[in-house]
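> The structure follows.
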Amino acid sequence: MLIGVSGMSVGLAVGGLVLLAVLTWSLHRTVDTEAFRTADAVALLAAEDALPDPLPVAGGQTRVQVVDAQGRVRAASIDADRLVPMVRPGRLDAGTRQQLTVPGERVGLAGPVRVVAVPAGSAAEPLTVLVARSLADVRHSTHVVRTILLVSFPLLVALLAAVAWRVVGATLRPVEALRRGAEEITGRDGGGRLPVPESQDEIHRLAVTLNGMLDRLRASRDRERAFVADAAHELRSPLTNMRTELEVAQRLADRTDWPVVSANLLADTERLGRLVDDLLLLARLDEAPPARATGPVELGALVAEVAARHPARTVVVAPPAAPLWTVGDADELRRVLTNLVDNAVRHARNRVVVAAEPDGSAYHRVTVTDDGPGIPAEDRERVFGRFTRLDPARDRDAGGAGLGLAIVRELVRRAGGRVELDDADPPPGLRVRVLLPALPEDAEAA
């Protein structure tokens, strides 16, 4: 605020100086105009050889003389000197209108005097009309204005500083409240909200935006904490199993069945490796930008490749009538189908049906249908969360870590598609429908 008041003071000072200069110039111009008007009137009388004596002049602050080329006074007003010209002949330019300033003592007026010279007469007998006007009124007027400015300037600056202090203080009060609120939130480890001022201005909108940001950060932090807690819990389970197997084997010593122990440790190690791979994949998907198309992928062949890892009686493939091309990362799409088929096989009673078919002009559809217990409608969005498993699948030996569908959604979203859950037809069971962008026909032909 100090800088603002200083700048305002400098601006006012410059404005006052400009005002004083303009006023002085305007008053001098007025004096010159009136003097030239009087001189022109006397010059007309001189041209007609009708100069009265004395010369008629209105006002006691004006003196008029008519002088010839030798500097002799030919006519004068009542108060003007009839012997000594107001301006020395050497300062006059014959035939030129001039503006001069002479001391007041030479004219008999107070203060400096403004004298104008206007040529008159004829070529044979040139004359010069001299009109003098005192600048005492001009000096008095400028002195009054200067005094008023010098007195009022400090008072005006003080008044403006006080108003600015109050206005800026009132304007920044909500900002200070936001600062204190932010400091309290920081002290409480991010809990709470910023105060929102009642005024519908920029600060109000700023507070609303910051509160929205805090809500998103709080939700993100809660998800991160839950994710870390779930990840630690899932990682601890196989490590605990491995520790228990080794402690039991160490206590049994020679009676330990090492082939069984090694098989159990290998199973827990594989499970631990899959969990770590899934966590790394999700972390990479969170940080990486949306994937761009890397190449054409034929969905029918990809479905057949994934289904071939399972017995034919368990996974049945409904091949498409014609090749179905999409654009994406083949490894990521393979991971999507692998997760869906493995999940369906884990919950199916008898078999799983995998089909690929066109879904309009913009998308191709891949469906994975099982005849298992299905998923209730109210839980179909929740199962896409990380480490989310429904109650029947809580057994870690039979189920996964709850990351499969989360990975599926992220990879499908990166490919520009979407994934949906629905009831199998006929029920019971679950049908997972994946929609992927269709490759344009001209690109397929190429």
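The values are calculated or read from the model by the stated rules, or taken from the named source; none is laboratory data. This structure is a prediction, so every number in the text was calculated from the model and none was measured. Using ideal geometry, Cβ is built from the backbone for each residue, glycine included, and neighbour counts are taken over all protein chains shown. Note: accessible area is taken over every heavy atom of the protein model, side chains too, but ligands, DNA and RNA are not part of it. Shrake-Rupley method; radii C 1.70, N 1.55, O 1.52, S 1.80 Å.
Rundown of residues vs (1) in contact (Cβ under 8 Å) with a residue 12 or more places away in the chain; (2) surrounded by 11 or more Cβ atoms within 10 Å (Cβ to Cβ); (3) not charged (D, E, K, R), yes/no style:
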residue: 141; (1), (2), (3): yes, yes, yes
residue: 147; (1), (2), (3): no, no, yes
residue: 156; (1), (2), (3): yes, yes, yes
residue: 160; (1), (2), (3): yes, yes, yes
residue: 165; (1), (2), (3): yes, yes, yes
residue: 174; (1), (2), (3): yes, yes, yes
residue: 179; (1), (2), (3): no, yes, no
residue: 193; (1), (2), (3): yes, yes, no
residue: 217; (1), (2), (3): yes, yes, yes
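> Further, regarding this structure: So in segment 246-280, with the set limited to residues that are of a type in the set (Lys, Arg) and farther than 30 Å from residue 407 by Cα, which one is surrounded by the most Cβ atoms within 10 Å (Cβ to Cβ)? Please lay out each step first, then the result.
Of segment 246-280, the ones of a type in the set (Lys, Arg) are 251, 255, 271, 274.
With farther than 30 Å from residue 407 by Cα added as a condition, the list becomes 251, 255.
Values: 251: 9, 255: 7.
Residue satisfying both the conditions and the ranking: 251.
> Another question, then. Which residue pairs have Cβ atoms closer than 7 Å, lie 6 or more positions apart in sequence or on different chains, and pair a first residue in segment 410-426 that is farther than 22 Å from residue 377 by Cα with a second residue that is open to solvent by less than 50 Å² (accessible area, probe 1.4 Å) and part of a strand (DSSP E or B)?
Between residues of segment 410-426 that are farther than 22 Å from residue 377 by Cα and residues that are open to solvent by less than 50 Å² (accessible area, probe 1.4 Å) and part of a strand (DSSP E or B), the close pairs are 415/436; 416/437.
> Name the pairs: first residue in segment 367-378 and without any contact (Cβ under 8 Å) to a residue 40 or more places away in the chain and part of a loop (DSSP other than H, G, I, E, B), second residue of a type in the set (A, V, I, L, M, F, W, C) and open to solvent by 20 Å² or more (accessible area, probe 1.4 Å), Cβ to Cβ under 9 Å, at least 6 apart or on different chains?
Close Cβ pairs (under 9 Å, with a partner that is of a type in the set (A, V, I, L, M, F, W, C) and open to solvent by 20 Å² or more (accessible area, probe 1.4 Å)) amount to 376/390.
> Residues in segment 114-132: is at least one closer than 25 Å to residue 30 by Cβ, at pLDDT 85 or above, open to solvent by 40 Å² or more (accessible area, probe 1.4 Å) and not in a helix (DSSP H, G or I)?
Yes, there is a match, as at least one residue in segment 114-132 is closer than 25 Å to residue 30 by Cβ, at pLDDT 85 or above, open to solvent by 40 Å² or more (accessible area, probe 1.4 Å) and not in a helix (DSSP H, G or I).
> Within segment 220-272, take every residue that is within 30 Å of residue 382 (Cβ to Cβ), out of contact with any helix residue (DSSP H, G or I) (no Cβ under 8 Å at 6 or more places or on another chain) and of a type in the set (D, E, K, R) and give me the one that is modelled with the highest pLDDT. Let's see the steps before the verdict.
Our first condition is that a residue be within 30 Å of residue 382 (Cβ to Cβ); within segment 220-272, this holds for 220-241, 267-268, 270-272.
Retained after the next criterion (residues that are out of contact with any helix residue (DSSP H, G or I) (no Cβ under 8 Å at 6 or more places or on another chain)): 220-230, 232-233, 236-237, 240, 267, 270.
If we keep only those that are of a type in the set (D, E, K, R) too, we end up with 221-225, 230, 236, 270.
Working: 221: 78, 222: 76, 223: 71, 224: 75, 225: 77, 230: 68, 236: 78, 270: 82.
Out of the qualifying residues, it is 270.
> Can you tell me how many residues within segment 323-355 are of a type in the set (A, V, I, L, M), part of a strand (DSSP E or B) and over 16 Å from residue 425 (Cα atoms)?
Number satisfying all stated conditions: 1.
> Just the residues that are open to solvent by 50 Å² or more (accessible area, probe 1.4 Å) and either farther than 20 Å from residue 278 by Cα or of a type outside the set (Gly, Ala, Ser) (or both), please, taken from segment 221-234.
221, 222, 223, 224, 225, 227, 228, 230, 233
> Step by step: first the residues of segment 310-347, then only those that are of a type in the set (D, E, K, R) and either touching a helix residue (DSSP H, G or I) at 6+ places or on another chain (Cβ under 8 Å) or in contact (Cβ under 8 Å) with a residue 12 or more places away in the chain (or both), then the one that is most open to solvent (accessible area, probe 1.4 Å). Which residue is that?
313
> Select from segment 55-79 the residues that are outside any strand (DSSP E or B) and either open to solvent by less than 10 Å² (accessible area, probe 1.4 Å) or over 14 Å from residue 129 (Cα atoms) (or both) and list them in ascending order. I'd like the intermediate steps shown before the answer.
Filtering segment 55-79 for residues outside any strand (DSSP E or B) gives 56-61, 69-72, 78-79.
Scanning segment 55-79 gives 58, 59, 60, 61, 78, 79.
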